[in-house]
Amino acid sequence: MQMLTSTTPSPSLTSCNCSVPSANLVDLCGMEPVWRVLIFLAPLCPICQNMSFDLRQLEKDFAGEPVEFVGVFPNPSTTEDQIATFQQTYGLDMNMGKDTAHWAEALGARWTPEVFVLDEADSVVYQGRINDRYFAPGKRRSKTKRRDLDGALRDCLAGRDVAKPFTDAVGCPIEGVRLTAPQD
């Protein structure tokens, strides 16, 4: 498990410091991914726990492709032990770490799980859910109809614009994020 840190909060992953002062995600991964998938997670969120099986399948489906999955834990109360246990329990191979660089804030993430796909210029090309299994907190379909993240990555790899670049994520709120507009 690597710590995700940065000297300045920024959505640019090239400034990511992964416990080594000059390291970035390329150093961490050993390859230059064209598409980076940041997945905001919370170890105690039941939707994150259930969706981890889909994430494991996505890791397998895109193995060998220029895609890098990174699990980011934005809640300050999450411990490194919880992250390690989550990764081991659900058999995820992706790099994971605490969001000490404030990526969730920089990108506007509000939920766990919520996904951001970034291109090689670190521009967001997809934001939203992994798939449509959950349509409301605690309410899920027996069978997934839309595999949104899978479709977005396939569009990216084929050189197409993402057909649906934004979907509504359903999950547990990120600690400290205001979910409603302030009232006058």
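The values are calculated or read from the model by the stated rules, or taken from the named source; none is laboratory data. Predicted model, so just to flag it, every value in this text is computed and none were measured. Cβ atoms come from the backbone with ideal geometry, glycine included; neighbour counts cover every protein chain shown.
Given the criteria surrounded by 18 or more Cβ atoms within 10 Å (Cβ to Cβ), within 21 Å of Phe73 (Cα to Cα) and either at pLDDT 95 or above or among the β-branched types (Val, Ile, Thr) (or both), does Leu153 qualify? Taking the combined requirement at face value, the residue does not satisfy it.
Phe62 is checked against (1) in contact with a strand residue (DSSP E or B) (Cβ under 6 Å, 6 or more places away or on another chain); (2) at pLDDT 95 or above; (3) closer than 15 Å to Val37 by Cα and fails just one. What number does that condition carry? Unmet condition: (1). Given the criteria surrounded by fewer than 18 Cβ atoms within 10 Å (Cβ to Cβ) and charged (D, E, K, R), does Lys143 qualify? Here the answer is yes, as Lys143 does meet what is asked. Of all the listed residues (Ser123, Ser77), the sole one being under 15 Å from Ala42 (Cα atoms) and surrounded by fewer than 12 Cβ atoms within 10 Å (Cβ to Cβ) is Ser77.
When region 49-72 is examined, which residues are found to be touching a residue at least 60 places away in the same chain (Cβ under 8 Å) and not in a strand (DSSP E or B)? Of everything in region 49-72, those that are touching a residue at least 60 places away in the same chain (Cβ under 8 Å) and not in a strand (DSSP E or B) turn out to be Asn50, Met51, Asp54, Leu55, Leu58, Asp61, Phe62, Glu65, Pro66.
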